């Protein structure tokens, strides 16, 4: 199954490690350091326009800055799982 991240970008669900809310990343020093390291390595795929980013989708290949909120991405992911179970 694929998850639509916004602006015509999709990822296989099994490739997604985590989906983080960009507003709360700074609340945890550990998460903040992880994200800083990823950005320094240059493995960032900007899907959203600058200043329109709402979530950070982490994969083994890098991260994706999505214009869709982490809660909406979670709902989409759960909806896909519900479809599979039916």
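The set of residues in segment 54-78 that are more than 9 Å from the chain's Cα centre (by Cα) and either under 18 Å from residue 14 (Cβ atoms) or in a helix (DSSP H, G or I) (or both) comprises 60, 61, 62, 71, 72, 74, 75, 76, 77, 78.
Select from segment 1-40 the residues that are touching a strand residue (DSSP E or B) at 6+ places or on another chain (Cβ under 8 Å) and part of a loop (DSSP other than H, G, I, E, B) and write down the one among them that is nearest to residue 65 (Cα to Cα). The qualifying residue nearest to residue 65 (Cα to Cα) is 22.
Read-outs: derived from the displayed coordinates by stated rules, not from any lab. These numbers come from a predicted model, not from an experiment. Neighbour counts are summed over all protein chains in view; Cβ atoms, including those assigned to glycine, are modelled from backbone coordinates with ideal geometry.
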